[in-house]
Structures are given as C-alpha cells and as structure tokens.
Amino acid sequence: MSPVDVLTLGETMAAFRAGGPLRLGGQLSLSIAGAEANVAIGLARLGHTVRWVGVTGADELGALVLRTLRAEGVDVSACTVAAGAPTGLIIFEPRVADLIRVTYYRSGSAGSRLSEAEVVAAFEGGAPRVLHVTGITPALGDAPRAAVTRAVAEAKAAGATVCLDVNHRARLWSVERAAATLRPLLPSVDLVVASDDELPVLVDPGADPLTTLFAAGVREVVVKRGGDGASAHTPHLTVERPARRVPVVDTVGAGDAFVAGYLSGLLDGTDLPGRLDRAVTTGAFAVAARGDWEGLPTRAELGLLDAVPGTTVR
Ligand code: KDG
C-alpha cells in the first residue's frame with residue numbers, strides 16, 4: 001500500500017434517486033453516495049491519488065460501492081467487508097419544487113462499523129499529504145468517532161494537512177453532540193469547511209467565527225454559500241467568489257464537489273483565490289448534473305464552463 005495525496009474515511013451507501021414521491025412508487029435509479037466518497041471521486045477525476053476507507057456489507061450493494069470507487073480510480077485497499085451488517089441505503093426523493101427529501105436506512109449498517117482498525121491499515125502505507133474528514137462519520141457511532149479521532153491524530157503527527165468539512169446532518173445527531181465531538185479536534189485541524197448555518201457547531205453564539213477558529217489553531221476557513229458563492233479566509237487574507245451560473249439539475253453532492261476542487265487546488269500549490277476558483281467550478285459541475293458525483297469534471301474539463309452557454313464542443 002503506497003502513500004496517497006488524500007486519505008478520507010466514512011460511510012458510502014447505495015443511493016436511490018426517485019422520480020417523485022416514494023409513496024406513489026415509480027422508478028428508482030441506483031448509484032452510490034457518501035460525502036467522503038464524493039470528494040474522493042472528485043479528486044481522482046482531477047488526477048490526484050486518493051484512498052477512501054470504509055466498511056461495506058458482504059452484499060451486492062457493498063460490491064457496487066467498491067466496484068464504483070475502484071472504477072473511478074479511488075484506492076479501497078484498506079476497506080473492510082463486514083459479514084452480518086448490510087450496506088447502508090440513502091434515498092433521494094423530489095417532494096416539491098426543487099426540495100429533495102432524504103431518507104436514510106443506515107442504522108446498524110456495515111458503514112457504522114468503521115473503526116480504528118481500518119485507519120491503522122490505511123496509514124500502514126504511509127501518511128497522506130491531506131486527510132479529509134467530515135462531521136458525518138463521527139455521528140455514526142462510537143467506533144467511527146474513534147476512527148476519525150485516530151485518523152486526525154495520525155495525520156497531525158505525520159505533518160499532513162487536516163481538512164474538516166462540518167457537513168452537519170441533523171438527522172444523525174444534534175448540534176450540541178456535534179460540537180462536543182468536533183470542537184476538541186480543532187487544534188489538529190488546518191482547514192475548516194462549513195456553511196454559514198454550520199459554523200455554530202464550532203463557534204459559540206455571538207463569537208466571531210474566524211477569530212474563534214484561528215485562535216483554536218485552524219489556518220484556513222472556507223464558507224460555502226451554495227448559489228450565493230463562497231469565501232476563503234486566512235488570518236491575513238479573505239477572498240470571495242460568486243457561484244458559477246449553471247442550470248440547476250441536482251444540488252446534492254455540490255458541497256463535496258466544492259471541497260474536491262478546493263483540495264485539488266491546495267495539492268497543486270495554488271494560492272487562496274486559485275483554490276476558491278477551482279472549488280466553485282467543481283461545485284458548479286455537480287449542480288449541473290444528476291447524481292452526487294456523476295457530473296464531476298476531469299482536469300481537462302475544468303475549463304468547459306468558460307465556454308459560452310449553448311456551445312457545442314467538437
Ligand atoms: O453531501 C452529499 C451527502 O449528503 C450524500 O452523499 C450522503 O453522505 C451522505 C449523508 O450522510 O448525507
């Protein structure tokens with residue numbers, strides 16, 4: 001097992017996208033989805049080496065998860081297949097207008113069995129340049145929480161850059177429990193990614209988020225605002241970027257695509273504006289395509305959105 005540019009860990013589920021309200025039946029399309037896997041696929045498509053660590057069930061949907069990640073060039077050599085626990089499911093249901101209702105079938109899933117053992121295996125090949133973790137994985141249970149804590153400690157000790165995307169999932173845990181788990185990690189975190197409404201997970205009410213996070217040891221803060229763009233902050237510089245204008249097809253996964261673009265820029269040594277430019281671009285690709293990750297660009301495609309709308313590329 002060789003070192004990689006980026007290591008990430010979490011649960012990847014079988015993903016069903018419904019054509020309409022579930023209670024009316026109809027067709028479902030099947031893929032995979034998981035915030036960390038979405039980032040991994042985005043980075044692999046941009047030419048970086050990526051390892052995703054997780055646990056899948058010894059079932060057909062687990063085979064789909066691993067097959068899809070391998071096909072996308074993501075290293076899954078440190079993954080575990082757990083007998084006796086099913087691969088988790090997520091169902092995306094368009095309910096009204098552009099509102100998507102998400103239903104999880106992941107309690108007791110194989111993914112929730114992720115533990116320090118997988119992390120130790122993942123680091124055996126050497127530390128990554130970047131560790132990417134999200135606030136979803138520690139919400140899955142004590143073992144995944146310990147896995148994230150161990151991965152952050154191992155990455156910090158090895159001098160890797162640690163990226164935390166808050167990715168708060170209110171159906172998995174409360175803001176209070178998320179705060180109690182994620183705030184102690186901040187001294188080991190270099191880069192925090194969050195939306196405005198997720199910052200209270202890390203910052204007390206009334207406190208200035210940037211002042212608080214920089215004081216905790218974080219070096220870079222990126223705030224995702226969806227269609228309103230994004231901003232990136234260090235103690236010495238702030239950069240703002242509008243969202244790129246594209247037809248909105250499916251916003252699920254756009255935040256992960258944004259992170260993949262940002263980390264890609266970081267790995268390439270680009271400056272803060274360059275990282276944010278790439279992030280809003282990859283985020284736009286995700287919004288303009290159906291699926292969590294299916295529309296993500298290769299490096300050669302990054303410039304496609306610069307073309308005049310309606311252009312045919314021949
Ligand atoms: O960001 C998209 C994710 O939310 C989706 O892929 C599934 O990881 C997932 C989750 O827990 O919601």
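The values are calculated or read from the model by the stated rules, or taken from the named source; none is laboratory data. These numbers come from a predicted model, not from an experiment. With ideal geometry, Cβ positions are generated from the backbone for all residues, glycine too; neighbour counts draw on all protein chains shown. The area values use the complete protein model at the heavy-atom level, side chains included, leaving out ligands, DNA and RNA. Shrake-Rupley method; radii C 1.70, N 1.55, O 1.52, S 1.80 Å.
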> If you roll a 1.4 Å probe over segment 147-267 with all protein chains in place, what percent of the accessible area is carbon or sulfur?
Replying inline: 55 percent
> Tell me, Kirkwood radius of segment 62-198 from alpha-carbon pair distances, in Å?
Replying inline: 16.3 Å
>> Please compute the per residue accessible area over the chain with all protein chains in place, 1.4 Å probe, rounded to a whole number of Å².
In response: 42 Å²
>> For Cα pairs less than 8 Å apart in space and 6+ apart in sequence, what is the mean separation divided by the residue count of the chain, i.e. the relative contact order in percent?
In response: 15 percent
> Sorted by average packing, counted as other Cβ atoms within 10 angstrom per residue and highest first, what order do 172-183, 136-147 take?
Replying inline: 136-147, 172-183
>> Which order do the peptides 48-56, 35-43 come out in when sorted by mean C-beta neighbours inside 10 angstrom, highest first?
In response: 35-43, 48-56
> In µm²/s, what is D for segment 257-308 at 37 °C and 0.692 mPa s, where D = kT/(6 pi eta Rh) by Stokes-Einstein and Rh is the Kirkwood radius from Cα pairs?
Replying inline: 302 µm²/s
> For segment 1-73, what is the Kirkwood hydrodynamic radius in Å, using each pair of distinct C-alpha atoms?
Replying inline: 13.3 Å
>> Helix-only mean residue ellipticity at 222 nm, the chain, DSSP H runs n ≥ 4 weighted -39,500 (n - 2.57), per residue, nearest 500. What is it?
In response: -9000 deg cm²/dmol
> Cα centroid distance between segment 206-232 and segment 106-161, in Å?
Replying inline: 23 Å
>> I'd like to compare 299-306, 208-215: which one has the highest average count of other Cβ atoms within 10 Å, and what's the full order after that?
In response: 208-215, 299-306
> Counting only DSSP beta bridges with both residues in the chain, what percent are antiparallel, rounded to the nearest 5?
Replying inline: 45 percent
> To the nearest 10 square angstrom, what accessible area does residue 244 show with a 1.4 Å probe?
Replying inline: 70 Å²
> In whole angstrom, how long is each semi-axis of the equivalent ellipsoid of segment 148-272, when you take the square root of 5 times every eigenvalue of its Cα gyration tensor and sort them from largest down?
Replying inline: 22, 18, 15
> Radius of gyration and Dmax for segment 1-147's Cα atoms, expressed in Å?
Replying inline: 15.4, 50
>> Kirkwood Rh and Cα-based Rg: tell me the resulting Rg over Rh for the chain, rounded to two decimals.
In response: 0.94
